[in-house]
């Protein structure tokens, strides 16, 4: 390894994922880019995770154990102990493509004006079978703050972030139990440029019991994140952007309520969305579908 090679700090929080963490660890240690350190933060596992990790005899692994405090706290342990020029996150049930770091390091070196690089995930199920390779989501590069306010389209598990972002603005909000990655990227988007690369860098495992699958909690968390961000960074946002943000939030949540049969709650959200942007097509289209459902 070239002595001038940049060090990458990989942060892997885990909680009772002994059945999957080995795949995640292997995908990091077997990267074609070798100059890395892997911080594994065990958030109180009781399933043999400690014993499994201790079986790895690689000096690049740093293992920490803490009583269960949540993934935001665990991630901050990794951030605070990271020595790398770049920081990446990989949850212990997901997997990286083996050339992920090599490709992203090259992009970072070639594009010093960008601070966060991210791409696509391949979706796999609990057994590791590929469900689909790309999501039908629009993603963006550059100054993405106004777009990120509408939807979190940045993939946390395949992003690479310059360490200086954390030094300047801090790490995860430990009070945010759900969608802490969204809050982090919103914070960074107020100052830094993002680069989207239309390439698959990771495999994201979808399982029923995941925290992220609880949409009620996610909407509640997103509401709080947006409220706090707008209150803190209102000087960077015009009234039009703020109104559009809330219009899209209430429309999206209303569609979720409609899909679960909570039609009154959906109707109320669509009406709130219209108060923010009366001429927006999004709540009107959603309301039309809701009326058809009730017929």
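A few notes on this one:
- Residue count for the stretch 110-157, restricted to those that are touching a helix residue (DSSP H, G or I) at 6+ places or on another chain (Cβ under 7 Å) and more than 10 Å from residue 196 (Cβ to Cβ): 9
- Set side by side, the residues 55, 44, 22 differ, and just one is at pLDDT 95 or above, within 18 Å of residue 205 (Cβ to Cβ) and either surrounded by fewer than 18 Cβ atoms within 10 Å (Cβ to Cβ) or not assigned by TED's automatic domain parsing to the domain that holds residue 70 (or both), which is 22.
- Candidates 177, 218, filtered to the one that is modelled with pLDDT under 95, outside the structural domain of residue 279 (by TED's automatic domain parsing), under 24 Å from residue 136 (Cβ atoms) and out of contact with any strand residue (DSSP E or B) (no Cβ under 9 Å at 6 or more places or on another chain): 218
- Residue match in the stretch 38-52 (condition: part of a helix (DSSP H, G or I), free of Cβ contacts under 8 Å to residues at least 24 places away in the same chain and more than 27 Å from residue 165 (Cβ to Cβ)): yes
- Scanning the stretch 80-100 for residues that are touching a helix residue (DSSP H, G or I) at 6+ places or on another chain (Cβ under 6 Å) and assigned to a helix (DSSP H, G or I) yields a total of 0.
Yes/no matrix, rows are residues, columns are (1) over 16 Å from the mean Cα position of the chain (by Cα); (2) within 24 Å of residue 274 (Cα to Cα); (3) crowded, with 21+ Cβ neighbours inside 10 Å; (4) in contact (Cβ under 8 Å) with a residue 40 or more places away in the chain:
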residue: 165; (1), (2), (3), (4): no, no, no, yes
residue: 174; (1), (2), (3), (4): no, no, no, yes
residue: 193; (1), (2), (3), (4): yes, no, no, yes
residue: 201; (1), (2), (3), (4): no, no, yes, yes
residue: 205; (1), (2), (3), (4): no, no, yes, yes
residue: 244; (1), (2), (3), (4): yes, yes, no, yes
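- Scanning the stretch 72-79 for any residue that is out of contact with any helix residue (DSSP H, G or I) (no Cβ under 9 Å at 6 or more places or on another chain), assigned by TED's automatic domain parsing to the domain that holds residue 162 and part of a loop (DSSP other than H, G, I, E, B) turns up nothing.
- Residue 113 vs. criteria under 24 Å from residue 237 (Cβ atoms) and without any contact (Cβ under 8 Å) to a residue 40 or more places away in the chain: no
- Criterion (modelled with pLDDT of 95 or more and closer than 20 Å to residue 205 by Cβ) met by exactly one of 128, 113, 119: 119
- With respect to being out of contact with any helix residue (DSSP H, G or I) (no Cβ under 8 Å at 6 or more places or on another chain) and over 25 Å from residue 175 (Cα atoms), residue 196 fits the description.
- Every residue from the stretch 118-139 that is over 15 Å from the mean Cα position of the chain (by Cα) and in a loop (DSSP other than H, G, I, E, B): 125, 126, 127, 128, 129, 133, 134, 136, 138
The values are calculated or read from the model by the stated rules, or taken from the named source; none is laboratory data. Nothing here was measured: the structure is a model prediction, and the numbers come from that model. FYI the Cβ positions are ideal-geometry reconstructions off the backbone, even for glycines, and counts take in every protein chain you see.
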